[in-house]
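The values are calculated or read from the model by the stated rules, or taken from the named source; none is laboratory data. Remember, it's a predicted structure, so these values are computed and weren't measured experimentally. Cβ placement follows ideal geometry from the backbone for every residue including glycine, while neighbour counts extend to all protein chains displayed. Just so you know, the surface numbers come from the protein's heavy atoms only, side chains and all, with ligands and any DNA or RNA stripped out. Shrake-Rupley method; radii C 1.70, N 1.55, O 1.52, S 1.80 Å.
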Amino acid sequence: MDRQTALLVLQLPDAPSPDEIHDAFEEHVFGLRDFLFRQTVIPQVFRAKVDRLLVATEIGETLGVELPCLDANVPDMAPLEGTAARVVRTHSENVGSLRTAMAATLDPACLTRLGECLVRMQLQYLRWMSTWSADRALDEVHARPMRDEWSPSELAAALEAERTGQLSSAETSQRLEEEILRIRTLDATAVTA
């Protein structure tokens with residue numbers, strides 16, 4: 001990447017000061033990290049943000065800007081195994097660990113590794129949940145927007161109640177079916193490459 005392209009991406013004039021470059025670069029990377037940190041993990045959308053972090057790494061190298069990375073290690077991820085409720089809880093803990101690691105860095109190369117891991121973990125989770133729920137008929141279930149994710153604690157509680165035969169309200173049962181459909185739809189539309 002040449003200097004002009006890097007400045008253009010950061011929306012800077014032709015001859016910015018070193019402080020202007022640093023501030024614009026930090027703001028650019030912070031926006032990408034903030035998205036990964038706060039939004040529902042939709043693999044295709046997150047993959048695009050991770051690709052933008054790769055570009056940000058090039059921008060930093062081209063303009064000679066470095067941002068801090070307090071810990072470059074990707075945290076260990078617990079395997080997705082056990083009951084569906086346990087898998088939901090484990091996945092939530094894994095995502096939380098990755099997002100905590102993201103909070104400790106603004107370095108785009110570090111964030112790229114963490115973002116890649118987040119996408120891979122989400123794809124594994126979607127595949128596990130889709131396979132687990134494959135026999136469940138969802139033809140009459142109302143589709144929810146992809147970003148309308150049910151909280152992991154509520155989803156896990158509903159799955160555990162269902163597994164143990166506890167009665168759930170009609171609203172909770174419906175919401176459970178809608179969340180399973182949302183997960184299966186995300187899995188079916190996920191690009192794994």
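Of the residues that make up the range 163-178, is at least one β-branched (V, I, T), part of a helix (DSSP H, G or I) and in contact with a Ser or Thr (Cβ under 6 Å, 6 or more places away or on another chain)? Within the range 163-178 (the criterion being β-branched (V, I, T), part of a helix (DSSP H, G or I) and in contact with a Ser or Thr (Cβ under 6 Å, 6 or more places away or on another chain)), the answer is no, since none of the residues qualifies. Scanning the range 119-166 for residues that are basic (K, R) and either in contact with a His (Cβ under 9 Å, 6 or more places away or on another chain) or within 17 Å of A78 (Cβ to Cβ) (or both) turns up R120, R127.
When the residues of the range 36-75 are filtered to those that are out of contact with any Phe, Trp or Tyr (no Cβ under 8 Å at 6 or more places or on another chain) and basic (K, R), the one that is surrounded by the fewest Cβ atoms within 10 Å (Cβ to Cβ) is R38.
For the range 161-170, taking the residues that are more than 16 Å from E140 (Cβ to Cβ) and free of Cβ contacts under 8 Å to residues at least 12 places away in the same chain, the one that is most open to solvent (accessible area, probe 1.4 Å) is identified as L167. Just one of the listed residues (A158, A134, A78) is open to solvent by less than 50 Å² (accessible area, probe 1.4 Å) and assigned to a loop (DSSP other than H, G, I, E, B), and it is A78. Give me the pairs: first residue in the range 1-25 and buried (at least 17 other Cβ atoms within 10 Å of the Cβ), second residue among the polar types (S, T, N, Q), beta-carbon distance under 6 Å, and six or more apart or on different chains, which are they? So the pair list comes out as A6/T62. Looking at (1) touching a helix residue (DSSP H, G or I) at 6+ places or on another chain (Cβ under 8 Å); (2) of a type in the set (D, E, K, R); (3) surrounded by fewer than 17 Cβ atoms within 10 Å (Cβ to Cβ); (4) assigned to a loop (DSSP other than H, G, I, E, B), which is the only condition E149 fails? Going through the list (1) touching a helix residue (DSSP H, G or I) at 6+ places or on another chain (Cβ under 8 Å); (2) of a type in the set (D, E, K, R); (3) surrounded by fewer than 17 Cβ atoms within 10 Å (Cβ to Cβ); (4) assigned to a loop (DSSP other than H, G, I, E, B), E149 breaks only (3). Can you find a residue in the range 156-176 that is among the basic types (K, R) and within 25 Å of Q44 (Cβ to Cβ)? Scanning the range 156-176 turns up at least one residue that is among the basic types (K, R) and within 25 Å of Q44 (Cβ to Cβ).
The residue pairs whose first member lies in the range 54-81 and is in contact (Cβ under 8 Å) with a residue 12 or more places away in the chain, whose second member is basic (K, R) and open to solvent by 80 Å² or more (accessible area, probe 1.4 Å), and whose beta carbons are closer than 8 Å, counting only pairs six or more residues apart or on different chains, are T62/R3; L63/R3; A72/R113; V74/R113.
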